[in-house]
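Here the structure is laid out as structure tokens; the discussion comes afterwards.
What follows draws every value from the coordinates through simple rules; no lab data is involved. Everything quoted here is computed from the prediction, not taken from an experiment. Heads up, the Cβs are rebuilt from the backbone with ideal geometry, glycines too, and the neighbour counts pull from every protein chain shown.
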Amino acid sequence: MLHKPPMTERDKIHETHTQVKDILGAMVIRDGPLTLVTMRNGDIPSEDNHGYGLYHRDCRFLSGYTLKCNGKTPTDILSSDEKGHASITMLTNQRYVDPAGNFVNKDTLSIRRDRIIPGVLDERITITNYNDFETMVTLSLEFDSDFDDIFTVRGITGPTNGKLLPPAYERNVLTLEYIGEDGHHRRTRIAFDPQPVRVEEGMATFNIRVKPREPQAIHVRIYAEDSPIDPPSMPGPAEIERRIKGIKASYADTMECCSNIQTDNGIFNKVFLRSLSDLRMLYSGLPIDIYYSAGVPWYDALFGRDSIISAIQVMPYNPEVARSTLRVLAAYQGKKEDDWRDERPGKILHELRVGEQANLNRIPDTPYYGSVDSTPLFLILMAEYIDWTGDMALFHELLGSVEAALRWIDTYGDLDGSGFTSYTCYSPKGLYNQCWKDSWDSICHSDGAIAIHPIAAAEVQGYVYMAKRRIANLYERIGRHEEAERLRRDAMSLRWKFNDRFWMGDVRYFAEALDKEGRCNVVSSNPAQALWGEIVEPEKAKAVVDRIFEEDMFSGWGIRTLSAREKRYNPLGYHTGTIWPHDNSLIAMGLNRYGFKDELSVIFTSMYEAAAFYPNYRLPELFGGFQRGEYDVPIKYPVACSPQAWSAGAIPYMLSATLGFIPDALNRRLTLYKPKLPPWLSTVRIGKLIVGEAYTHLEFKRVGDSTLVNVVGKRGDLEVHVVY
């Protein structure tokens with residue numbers, strides 16, 4: 001009989017990830033705290049159990065927004081959300097008879113919906129008549145809002161007992177309002193220009209006389225207001241235009257960064273641009289203390305693990321976000337023992353929520369600390385940031401947080417005295433699993449039994465090993481030699497124990513985890529991430545690499561989370577057989593660090609080719625683990641976040657691995673370790689790679705099976721060393 005732990009309300013949702021219907025193909029635009037998720041025709045359907053909506057501060061401010069032309073839903077013929085902060089949808093009419101008795105054939109009117117999201121949803125609906133006669137168009141816009149918390153939308157919690165007020169229309173503004181159980185007044189205000197001919201409940205109706213080829217437009221502005229947090233004012237046209245200019249300037253900076261990195265492969269250039277554009281789209285905390293929100297729509301919030309890994313992935317191209325991410329996470333670092341939130345002193349948060357359920361303390365995400373790996377990853381981010389920038393001032397500024405994080409690892413991380421960093425769940429609404437695979441069934445034994453607390457995941461030991469080694473170097477730099485030596489001893493002891501206790505000699509691979517019963521003896525991607533932490537002994541690394549490229553682990557599109565031979569394997573299981581781009585990117589960097597450049601090229605190629613199949617070249621949160629040979633395209637996961645920050649960072653990180661970047665800003669040195677371009681890249685040019693206060697211009701060129709490096713130029717004191 002398979003063991004299954006007692007399930008809390010929060011755990012149950014991870015059985016299906018979310019109870020929402022699929023959101024495949026959704027249109028998404030976002031900037032700052034406002035996110036719009038719609039169907040391809042621009043509508044938010046008024047039906048139950050969907051994830052579409054206008055979201056702000058963990059609340060859905062629009063759960064319905066539909067457009068009809070003469071009582072019928074138009075046909076959508078084009079849609080694009082490529083810009084991230086703006087979208088275009090083109091529609092055309094169905095056949096109708098207008099009030100003058102004219103028969104208006106289908107496809108003779110175009111209806112264009114232009115949207116941009118500068119803190120408000122600003123939409124212009126333009127109708128063009130391609131008939132040779134004037135016609136009257138009746139356009140209806142129907143709005144609805146359930147003001148559901150994101151956890152209610154996902155099915156994790158039930159609805160609250162707040163009060164929905166009836167729609168009110170006054171002074172050309174339609175207001176949908178909800179008085180929350182938490183005392184907040186949440187309002188969706190909708191302003192129109194021109195004024196509708198009538199407004200009934202949540203429906204605004206316009207009669208528009210359209211002459212041939214003389215476009216007519218309706219302007220709609222939608223404001224989401226969470227009082228008392230948000231100011232009650234509705235920004236006017238001048239303020240909105242100022243915001244739009246700021247957004248466009250920020251995206252122009254992203255374009256400039258991408259133009260700084262050019263290859264001879266046009267498709268790859270588009271994939272790379274999409275990656276950095278999506279990360280810009282996921283900026284949160286504006287205008288200061290920027291971090292990457294984890295993903296739209298389910299995880300549009302500060303997540304310790306996700307925000308850290310995303311910042312690491314794009315460090316060579318945007319180190320500023322890493323600095324502000326460190327500051328934000330340090331500000332929320334655990335201060336006390338609080339079982340409800342799984343908080344412990346020094347621990348870095350897992351997730352921060354600000355919606356009604358959080359305000360009512362019905363979920364522990366205020367913030368919630370149920371992540372075993374955010375804390376060592378925080379230390380790794382600090383070290384990586386300093387390696388690229390040399391900014392020791394930030395290290396001194398956050399030294400107290402660094403020390404507290406190390407104390408958490410040593411004091412609270414080792415739950416059973418084994419020397420391994422492990423986790424358990426204290427909160428009745430916490431996560432059963434608290435490694436990156438945080439669904440309830442992700443860590444298991446080969447007979448299908450679920451792991452029992454305390455659980456020490458393989459990759460987490462690699463994170464801790466890396467963190468202690470790299471912080472030791474920084475301690476050495478500031479003269480704390482004894483503490484640096486202790487950290488190095490701790491790291492070496494952990495490495496020996498890991499290679500002894502986790503190693504499964506019969507299959508020549510590492511266990512997924514150790515739990516109360518012993519080894520979780522399945523083959524999974526977790527130990528492959530241990531390569532990233534460099535905890536794997538060199539003599540075992542080759543066996544690990546060989547194993548992850550066998551057919552049961554490598555689908556042709558990437559490394560699966562769980563072997564296809566395991567009892568719990570499901571190619572659409574959230575963490576039990578699917579393929580995660582970020583997981584593959586960390587594995588790829590690990591392959592680079594152990595010198596497995598050919599295998600790195602295989603993973604890089606598979607992920608690049610997968611991206612080419614997705615709209616706008618956007619890699620989603622995850623996709624199906626089906627074998628590539630059976631299907632011509634990667635199989636989609638129905639409710640994957642897209643964009644997702646660490647998926648967006650996957651391709652840039654794989655490029656860094658391929659080029660072999662090893663920065664050392666404190667010693668004014670950049671090492672390029674065995675650069676090896678994949679077969680589909682012949683040249684890569686980086687116009688300005690900044691290390692510390694210097695920068696270099698590099699050119700990589702593939703010649704046969706070799707990759708040659710030309711240091712085109714340098715400015716400042718920087719030694720560039722190439723290891724072939």
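Enumerate the lysines that Lys336 could reach by cross-link, defined here as Cα to Cα under 17 Å, with residues fewer than 8 away along the same chain left out.
Here the lysines satisfying the reach criterion relative to Lys336 are Lys347.
Once amide H atoms are placed 1.01 Å from N in the peptide plane, what residues at a sequence separation of 5 or more from Lys714, or on another chain, have their amide H within under 5 Å of its amide H?
When sequence neighbours closer than 5 places are left aside, the close amide H contacts are His697.
Specify the inter-centroid distance of the range 133-177 and the range 681-724, based on alpha-carbon positions, in whole Å.
54 Å
Show me, for the range 224-232, the HN-Hα J-couplings you get by feeding each phi into the Karplus relation (A = 6.51, B = -1.76, C = 1.60, θ = phi - 60°), rounded to Hz, glycine and proline as x.
Couplings: 9, 10, 10, 9, x, 6, 8, x, x Hz.
Looking at the range 9-244, how many pairs of lysines come closer than 20 Å at the Cα, when each pair is eight or more places apart or spans two chains?
Numbers: Lys12/Lys21; Lys68/Lys106; Lys68/Lys211; Lys72/Lys106; Lys106/Lys211.
The number of close lysine pairs in the range 9-244 is 5.
What is the distance, in nm, between label points placed 7 Å from the Cα along the Cα-to-Cβ direction at Glu256 and at Asp410?
4.5 nm
Within the chain, which is the longest segment that contains none of the trypsin sites (Lys or Arg not before Pro) sitting in a DSSP loop with at most 13 other Cβ atoms within 10 Å? Each step should come with its number before you reach the end.
Values: sites that count: Arg95, Lys106, Arg171, Arg213, Lys335, Lys336, Arg508, Lys516, Arg565.
In short, 337-507.
Among (1) 78, 63, 56; (2) 85, 58, 52; (3) 90, 63, 52, which one is Cα extents along the principal axes in Å computed from these coordinates?
(2)
Would you kindly derive the ³J(HN,Hα) couplings of the range 715-720 from the backbone phi angles with the Karplus curve 6.51 cos²θ - 1.76 cosθ + 1.60 (θ = phi - 60°), listing them in order in whole Hz, with x for Gly and Pro?
Couplings: 9, x, 8, 8, 9, 10 Hz.
Whole-Hz ³J(HN,Hα) for each residue in the range 163-180, computed from phi via Karplus 6.51 cos²θ - 1.76 cosθ + 1.60 with θ = phi - 60°, x for glycine and proline: what do you get?
Using θ = phi - 60°, the values come out as 10, 7, 8, x, x, 10, 10, 8, 6, 6, 10, 8, 10, 10, 9, 9, 9, x Hz.
Pull out a ≥ b ≥ c, the square roots of the eigenvalues of the alpha-carbon gyration tensor of the range 9-244, then state rounded if a/c is under 1.5, prolate if not and a/b is larger than b/c, and oblate in the remaining case. The partial results should precede the final answer.
Details: a/c = 1.90, a/b = 1.59, b/c = 1.19.
The shape class here is prolate.
By counting other Cβ atoms within 10 Å of each Cβ, how are Leu282, Leu514, Leu666 ranked from fewest to most?
Working: Leu282 28, Leu514 23, Leu666 16.
So the residues, fewest neighbours to most, are Leu666, Leu514, Leu282.
Can you list residues whose amide H is under 5 Å from Val691's amide H, if they're 5+ apart or on another chain and H is modeled 1.01 Å from N?
Result for Val691 returns Thr696.
Which value, in debye to the nearest 20, gives the size of the charge dipole of the range 255-305 about its Cα centre, when Lys and Arg are +1 and Asp and Glu are -1 at the Cβ? The partial results should precede the final answer.
Working: 4 positive and 5 negative charges, 22 e Å.
My answer is approximately 100 debye.
Using the Kyte-Doolittle scale, which helices in the chain average at least -0.5 and also have C-alpha atoms spread 27 Å or more along the helix axis, with helices defined as whole DSSP H runs? If you can, show how the numbers build up before the last one.
On the way: long enough: 237-259 (32 Å, -0.46); 458-477 (30 Å, -0.58); 481-501 (30 Å, -1.73).
Within the chain the helices that satisfy the rule are 237-259.
Using 1/(1 + (r/R0)^6) with R0 = 51 angstrom and r between the beta carbons of Ser706 and Ser418, what's the FRET efficiency to the nearest 0.05? Walk me through the intermediate numbers first.
Details: r = 45 Å, r/R0 = 0.89.
Calculated value: 0.65.
Which order, highest average first, do 522-534, 173-185, 379-391 follow once you tally other Cβ atoms within 10 Å for each residue and take the mean per peptide?
Highest to lowest by the protection proxy: 522-534, 379-391, 173-185.
What distance in nm separates the simple spin-label points at Arg489 and Glu214, each placed 7 Å from Cα in the Cβ direction?
Result for the modelled spin labels: 8.8 nm.
Once every DSSP H run of n ≥ 4 in the chain is given -39500 (n - 2.57) and the sum is divided by its residues, what mean residue ellipticity at 222 nm do you get, rounded to the nearest 500 deg cm²/dmol? Intermediate values should be presented prior to the final figure.
Working: 18 runs with 209 residues, N = 724.
Helix-only estimate at 222 nm: -9000 deg cm²/dmol.
Under a point-charge model restricted to the Cβ atoms of Lys and Arg (+1) and Asp and Glu (-1), what is the dipole moment magnitude of the range 246-650 relative to its Cα centre, in debye to the nearest 20?
Values: 43 positive and 54 negative charges, 41 e Å.
Roughly 200 debye for the range 246-650.
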